[in-house]
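Encoded as structure tokens, the structure appears first; notes follow it.
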Amino acid sequence: MTVPQRFSDLPEYAFPRLRSLLAGLSPGGDPVDMTIGEPRHAMPAFVADILTEHQADFAKYPPNEGTPGLRAAIADWIATRYGAPADPETEIMALNGTREGLFNAGLALCPEEKRGAAPLVLVPNPFYQVYAVAARAAGAQPHYVNATEETGFLPDFASLPGDILDRTAIAYLCSPSNPQGAVADATYWKTLLALAETHDFVVFADECYSEIWRDAPPPGAWQVADEMGLSRDRVVIFHSLSKRSNLPGLRAGFCATGARNMAELKQLRSYAGAPLPLPVQHAAEAVWRDEAHVAASRALYQEKFKDADAVFAGFKGYFPPQGGFFLWLPVPEGVGTGEAAAKQLWAEAGVKVLPGAYLSRDTDAGNPGGRYIRIAMVAEKNEMVRGLRAVRTILDRG
């Protein structure tokens, strides 16, 4: 039997790869898992009550695009957050988490060719791995754009040659970025959206960390596109309750875009979508309408930012994250690679971190993640600080 080759050279996914790396090593202390970005702050207390209240609705097929109440709540949230109202009927669709949307939007909106060749999909490097898989599934070529300290940990799309931009169909951008915690300001978004307008591609704005920030709410692609007077079909924004509301298991997200794009997204989803169960949609509606729990959780993260700043004060190359909940930490030359650091931290301190190379790809300019580790600051404060201090102690020795 012939099998498709388009995914044949994908590396093993990050977390199974890490398990293989650490196999046979015993933890050198009480284990602290700082690998996966699974929020552990309290979820809104009212969610369980709403699920129970609507449990009979598990017996019903849910609407693919989201209930009118859920879409209205999302539209109101967008209007409040970004000052640019969205039409709940034609511009919003509920998602089964952002990963589903980031993948399926690529299938729905990427053309078969551009300028007579396979289209390109611009992918920040390092990146959330679904971006590249979506590109390949759509028959496009991922084009990795390194996001390094020199570029402010955001990809410098504007430096790409014109022929690359002319073949581009989609550009993914995560802000605040995973893994670095860099925030795209309004000027950055304007530059990217102007490139998209000139070279006719769509910007996929992955904004799932948008409500976890240090000093000020990050601007969003939706509001900047509106301020520029661009068609809303020039951008697709993706949000979820996973990080905002500490509900990764609810799998409740949304995307918003112009009516033309949305018609294509809904058409594909009607054939191949996985709609949210009705009780989940009712719960998500209430969660999008509540900001008190978001502010409380954000305050905890802001304290964690301060803790990290204190632990890594004076550490060469430390970048204070501006949003999200990851540290993107350079590994001293004496330690070597991110993989070497991960093994040493586990074996000597029981601290589990993710090698940066597992989130990035080799390019002609090198692998931007090779000498980094990603640290998730999701654990309870004392446990997190214990883990960070162990990391600092061991890396300082290297």
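When residue 247 is tested against (1) assigned to a helix (DSSP H, G or I); (2) in contact with a Leu (Cβ under 6 Å, 6 or more places away or on another chain), just one condition goes unmet, and that condition is (1). Evaluating residue 250 against the criteria (1) more than 30 Å from residue 51 (Cα to Cα); (2) open to solvent by 10 Å² or more (accessible area, probe 1.4 Å); (3) in contact (Cβ under 8 Å) with a residue 60 or more places away in the chain leaves one unmet condition, (1).
No other residue among 48, 94 is at pLDDT 95 or above, under 23 Å from residue 244 (Cα atoms) and under 24 Å from the mean Cα position of the chain (by Cα) apart from 94. Applying the condition of being among the β-branched types (Val, Ile, Thr) and not in a helix (DSSP H, G or I) to region 222-242 and asking which residue is farthest from the chain's Cα centre (by Cα) yields 235. So in region 303-316, with the set limited to residues that are touching a residue at least 40 places away in the same chain (Cβ under 8 Å) and assigned to a loop (DSSP other than H, G, I, E, B), which one is nearest to residue 75 (Cα to Cα)? Once the filter is applied, the top-ranked residue is 312.
Inclusion of residue 336 among residues that are at pLDDT below 95 and either surrounded by 21 or more Cβ atoms within 10 Å (Cβ to Cβ) or outside any helix (DSSP H, G or I) (or both) is warranted. Being surrounded by 15 or more Cβ atoms within 10 Å (Cβ to Cβ), at pLDDT 95 or above and out of contact with any Gly (no Cβ under 9 Å at 6 or more places or on another chain) is true of residue 71.
Yes/no matrix, rows are residues, columns are (1) out of contact with any Leu (no Cβ under 9 Å at 6 or more places or on another chain); (2) surrounded by fewer than 21 Cβ atoms within 10 Å (Cβ to Cβ); (3) outside any loop (DSSP other than H, G, I, E, B); (4) modelled with pLDDT under 95:
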position	(1), (2), (3), (4)
340	yes, yes, yes, no
347	no, yes, yes, no
361	yes, yes, no, yes
364	yes, yes, no, yes
367	yes, yes, no, yes
373	no, no, yes, no
386	yes, yes, yes, no
389	yes, yes, yes, no
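Just for region 270-285: of the residues that are part of a helix (DSSP H, G or I) and open to solvent by less than 10 Å² (accessible area, probe 1.4 Å), which one is nearest to residue 239 (Cα to Cα)? It comes out as 284. Of all residues in region 74-90, those satisfying the criterion of being open to solvent by 20 Å² or more (accessible area, probe 1.4 Å) and part of a helix (DSSP H, G or I) are 76, 79, 80, 81. Taking the criterion of being open to solvent by 30 Å² or more (accessible area, probe 1.4 Å), part of a loop (DSSP other than H, G, I, E, B), of a type in the set (S, T, N, Q) and closer than 24 Å to residue 266 by Cα, would at least one residue in region 92-109 satisfy it? Yes, region 92-109 contains a residue that is open to solvent by 30 Å² or more (accessible area, probe 1.4 Å), part of a loop (DSSP other than H, G, I, E, B), of a type in the set (S, T, N, Q) and closer than 24 Å to residue 266 by Cα. For region 286-307, residues that are within 30 Å of residue 383 (Cβ to Cβ), open to solvent by 50 Å² or more (accessible area, probe 1.4 Å), of a type outside the set (A, V, I, L, M, F, W, C) and in contact with a helix residue (DSSP H, G or I) (Cβ under 8 Å, 6 or more places away or on another chain) total 1. Look at region 273-302: where a residue is on the phi < 0 side of the Ramachandran plot and without any contact (Cβ under 8 Å) to a residue 60 or more places away in the chain and a partner is among the hydroxyl-bearing types (Ser, Thr, Tyr) and assigned to a helix (DSSP H, G or I), sitting 6+ places away or on another chain with Cβ atoms under 9 Å, you get 291/80.
Okay, residues lined up against (1) more than 22 Å from residue 48 (Cβ to Cβ); (2) out of contact with any strand residue (DSSP E or B) (no Cβ under 9 Å at 6 or more places or on another chain); (3) open to solvent by 30 Å² or more (accessible area, probe 1.4 Å):
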site	(1), (2), (3)
266	yes, no, yes
309	yes, yes, yes
318	yes, no, yes
355	yes, no, no
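Consider region 375-384 and keep the residues that are outside any helix (DSSP H, G or I) and under 12 Å from residue 300 (Cα atoms). The one that is most open to solvent (accessible area, probe 1.4 Å) is 380.
Taken over region 262-318, residues that are modelled with pLDDT under 95 and among the polar types (S, T, N, Q) amount to 1.
The values are calculated or read from the model by the stated rules, or taken from the named source; none is laboratory data. Since the model is a prediction, treat every value here as computed from it, not as a measurement. Note that each Cβ is placed from the backbone with ideal geometry, even for glycine, and that neighbours are counted across all protein chains shown. With ligands, DNA and RNA removed, areas are computed over all heavy atoms of the protein, side chains included. Shrake-Rupley method; radii C 1.70, N 1.55, O 1.52, S 1.80 Å.
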